[in-house]
Amino acid sequence: MTGTDGLGWYVRRLGRMSPDEIAWRVRDQAIRRAWARRRVLPGQIASAGLPRAAAGRRFAAVLPADAVRCVPEGARAALIADADRLLKGEWEMLGVVRTDVVQPDWFYDPVTGRRSAPDRHAFQINQRSEEETGNIKQVWELSRLQHLTLLATAWFLTGGEAYAQRVADHLRSWWLDNPFLSGVHWTSGIEVGIRLINFVWIRRLLDAWPGVAGLFEYSDLALRQIHWHQQYLAAFESRGSSANNHVIAEAAGQLVASCAFPWFAESDRWRVGSARLLERELAHNTFPSGINRELASDYHGFVAELGLFAAVEADVAGTPVSAETWRLLCAMADSMAALVDEQLQPPRQGDSDEGRVVLLDAPDQNRWPALLALSGALLGRLDWWPETVPDAGSVLVSAMQPVRREIPGRPELRPSRFEDGATPPRYGAVATGDRTASSASPHTLTPTPCLWRYVTAAWTFSPTRVLTATTVSPSGVRTSGQRSRTTPSSLPGAASPSRAARSCGCAARGRGKSMPPT
């Protein structure tokens, strides 16, 4: 973005802000300036004050011991293969294969070759400037630390010491290199929230590893970082036209961490506040039918995943979210099941950044089968849902929930129309204005009149199956989405779950229950 382009962007952005958002942003900038004195420089972490934490702190929200044998063999093999590549330093992120992940540089962008300054005050960094930070999505992606959750899952399944040790090495490296408010990884709340959820799951998966308490609850470094992350989210909430999946990720991260790490003087306040924020923003960002108001398939799945992880954690802590929030999450799952095509692909609608919350399985290009497996394990799949197979994520997350949620009023048949959002695919057809044109692609969507209030350009296909649409979200922000593939992903299709998965005792209904056929 050039200087002229950058100025024009800010002018257009300002024009879309309400007076309340402008006032909030002025206040937010004042707080950021005041917080400059709280910044901790690299190399000075030991001199930073320790948060007030309970002396007898422990991590109580652990997985049941028999969960390990419930993970299907295919999912286990795929995850371990990816974990072994990670041990060699190989990892693919956003289409770029990296071979430097044995000892990663947390500030390096492999696309441009640029490295952002690790000692610069976070609030003085322009993360939109490629000259300053490189490709920020690439830099942020590794620091979501989801690769460490995958390695921790590999340890949970195998007990291989190398997996746990690599997790510990990377966590300590990240914590040391990224002290509070120093560097680009403190410039975005969504990144902070996702990291917190992965901290929790790393701790959970490594619970039986002898070094885990020293890595987390008895580590001053870990205590500082976990507290700093939550302190940041409590102070800097995304609002206005940024109050979409960003604020939901922030609220989910704060809720998950305050439930799983209730070690600090502020933990109860953070938990109550983040639960209230999550419930409010899920309602604001979701139509009653379950369709996401951003009208972007990728964000629909991302928000559903955030909400499910947070709601399960709140259940485990004994402080559940409201019945209405569970109903909304269930509606999101049911609408996902209605929107996929025969290859379990969602409509290619709206913006996409391929965001995901936690990696408990080898990553797949299409994550909707995994989201449906997770939703089915937690909420129960309906007869009209497409067939999915259990994976590590659906087995492990549902093992944390003692009893499956029963949600009344779910649709008995696959919905043919969502009056407030979209109409499920009619296979082999794609909407173009007010007409329907045939297409060989399975990625189709017929918008409802309500949807056309936001969609301002016709759907179009190229010979390589690119579907493009420009949308205006309810907050007034225009986004464009384009996804391209020449062939569909390899998907599990309608394969039946294994006999072992069906008979496993820890399974998707929760501890001590039998996994239902899917």
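The values are calculated or read from the model by the stated rules, or taken from the named source; none is laboratory data. Predicted model only: the values in this text are computed from it and were never measured. Virtual Cβ from ideal backbone geometry, glycine too; neighbours counted across all protein chains shown.
General remarks:
- Looking across the range 72-98, the residues that are touching a residue at least 12 places away in the same chain (Cβ under 8 Å) and of a type in the set (A, V, I, L, M, F, W, C) come down to Ala75, Ala78, Leu79, Ile80, Ala81, Ala83, Leu86, Leu87, Trp91, Met93, Leu94, Val96.
- Inside the range 128-157, residues that are under 11 Å from Phe107 (Cα atoms) and in contact (Cβ under 8 Å) with a residue 60 or more places away in the chain make up a count of 0.
- Selection within the range 53-77 - assigned by TED's automatic domain parsing to the domain that holds Phe156 and either in a helix (DSSP H, G or I) or closer than 30 Å to Ile125 by Cβ (or both): Ala65, Asp66, Ala67, Val68, Arg69, Cys70, Glu73, Gly74, Ala75, Arg76, Ala77
- Enumeration of residues in the range 1-47 that are assigned to a loop (DSSP other than H, G, I, E, B), surrounded by 10 or more Cβ atoms within 10 Å (Cβ to Cβ) and either at pLDDT below 80 or in contact with a helix residue (DSSP H, G or I) (Cβ under 9 Å, 6 or more places away or on another chain) (or both): Met1, Arg16, Met17, Ser18, Arg39, Val40, Pro42, Gly43
- Any hit, the range 161-178, residues being out of contact with any Phe, Trp or Tyr (no Cβ under 8 Å at 6 or more places or on another chain) and part of a loop (DSSP other than H, G, I, E, B): no
- Ser352 being part of a helix (DSSP H, G or I), hydroxyl-bearing (Ser, Thr, Tyr) and in the same structural domain as Gly193 (by TED's automatic domain parsing): no
- Selection status of Arg32, under 30 Å from Gln124 (Cα atoms) and not assigned by TED's automatic domain parsing to the domain that holds Phe261: yes
- Each residue in the range 115-135 was checked for being of a type outside the set (S, T, N, Q) and farther than 17 Å from Asp177 by Cβ, and 5 of them qualify.
- Of the criteria (1) charged (D, E, K, R); (2) modelled with pLDDT under 95; (3) surrounded by 18 or more Cβ atoms within 10 Å (Cβ to Cβ); (4) closer than 28 Å to Val312 by Cβ, which one Arg348 fails: (4)
Condition check ((1) within 30 Å of Leu181 (Cβ to Cβ); (2) modelled with pLDDT under 95; (3) surrounded by 15 or more Cβ atoms within 10 Å (Cβ to Cβ)) across all residues:
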site	(1), (2), (3)
Gly49	yes, yes, no
Phe59	yes, no, yes
Ala65	no, yes, no
Leu87	no, no, yes
Met93	yes, yes, yes
Thr99	no, no, no
Asp109	yes, no, yes
Thr112	yes, no, no
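- Among the criteria (1) out of contact with any Leu (no Cβ under 7 Å at 6 or more places or on another chain); (2) modelled with pLDDT of 95 or more; (3) crowded, with 24+ Cβ neighbours inside 10 Å, the one Asn245 does not fulfil is (2).
- Leu50 meets each of the listed conditions (1) in contact with a helix residue (DSSP H, G or I) (Cβ under 8 Å, 6 or more places away or on another chain); (2) outside the structural domain of Ser267 (by TED's automatic domain parsing); (3) among the aliphatic types (A, V, I, L, M); (4) part of a helix (DSSP H, G or I) apart from (4).
- Arg128 vs. criteria part of a loop (DSSP other than H, G, I, E, B), in the same structural domain as Ala67 (by TED's automatic domain parsing) and surrounded by 23 or more Cβ atoms within 10 Å (Cβ to Cβ): no
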